[in-house]
Amino acid sequence: MVAPELLDKREARIRRMFGQIAPWYDFLNHALSLNIDKRWRTRATRLVPPTPDHGPILDLCTGTGDLALAYHRAAQGIVPIVGADFCHEMLVRAAEKSAGTGIRFVEADAQALPFPDDTFQIVTVAFGLRNVTDTDRGLAEMVRVAKPGGRIAILEFSKPRSRFFGSLFRFYFRRVLPRVGQLLSRSQENAYKYLPESALRFPDYEALTANMRSHGLGDVHYVPFTFGIATLYMGVKQSG
């Protein structure tokens, strides 16, 4: 039985939680995923590639900027990249990591983005949509700021459908990751108990693609990564 307060997604709690774990965030992400998360981000940039002269790219819930940096590399530095997050401590680290790249970071809430309609050729979010207090508002904002014909890309944890990998995944997520993450980060908000539990409860596969279609996206489909541990969801903003 999971305590309700563990899955509290109110803005103040989520901002505070990520601020507390910011110093450990990159190390634990890469260590606990055995660096596979880096390959997931690179693959996302190949499946939803940047196009020169088609406008900027927005990485929402950018955290310490890993996906923004992956897109900067994929675009060879010629496409403007913007990373947005509402956690100041995360953005400080993102700016440090990306110094000299020209990536612009903006402190902003995913539910009320400070960008005009129809601005970005690609709007991405990696392992962040489930942390938005109102997921539908966050998704609606992603669609709003994308250009007509622009692409939405959501990289998120999913539950492997294989019985063997599904059992292994749940054991790791519920037994190993929380203990190691909490031991090292000492998060007062139980971040490394919240993060895996929120991933296991977040709608995936057909449920998430149906929600994307309900927000007016077309050509919605998904590609599982690493036996379905993570999945990339893609859609296109319709014209008119």
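Taking the empirical scaling 2.2 N^0.38 Å for compact globular proteins as reference, the stretch 133-229 has a Cα radius of gyration ratio of 1.27. Rg and Dmax over the alpha-carbon atoms of the stretch 92-161 stand at 13.5, 42 Å.
Summing Lys and Arg as +1 and Asp and Glu as -1 over all other residues whose Cβ lies under 15 Å from the Cβ of residue 236 gives a net charge of +3.
As a calculated quantity, the FRET efficiency between residue 175 and residue 214 at R0 = 51 Å, using C-beta atoms, amounts to about 0.90. At the listed q of 0.10, 0.12, 0.17 Å⁻¹, the Debye profile of the chain, built from one uniform point per Cα, gives log10 I(q)/I(0) equal to -0.43, -0.63, -1.36. Given +1 at the Cβ of Lys and Arg, -1 at the Cβ of Asp and Glu and no other charges, the dipole of the stretch 61-120 around its Cα centre is 320 debye to the nearest 20.
Using only side-chain charges placed at the Cβ, +1 for Lys and Arg and -1 for Asp and Glu, the dipole size of the chain relative to its Cα centre rounds to 880 debye. Using the Cβ-Cβ distance between residue 165 and residue 238 with R0 = 35 Å, the FRET efficiency computed as 1/(1 + (r/R0)^6) comes to roughly 0.50. What separates the Cα centres of the stretch 68-126 and the stretch 17-34 is a distance of 19 Å. Counting only lysines at least 8 places from residue 237 when in the same chain, those with an alpha carbon closer than 18 Å to its own are 147. Rounded, prolate or oblate for the stretch 199-238? Axes are the square roots of the Cα gyration tensor eigenvalues, ordered a ≥ b ≥ c, and the cut-off for rounded is a/c under 1.5. Taking the square roots of the gyration eigenvalues as a ≥ b ≥ c, the stretch 199-238 is oblate.
Mean residue ellipticity at 222 nm, helices only, the chain: -13000 deg cm²/dmol; runs of at least 4 DSSP H residues each add -39,500 (n - 2.57), and the sum is divided by the number of residues.
Throughout, read-outs are computed from the coordinates displayed, never taken from laboratory work. In this text, all values refer to a predicted model and were calculated from it rather than measured experimentally. Using ideal geometry, Cβ is built from the backbone for each residue, glycine included, and neighbour counts are taken over all protein chains shown.
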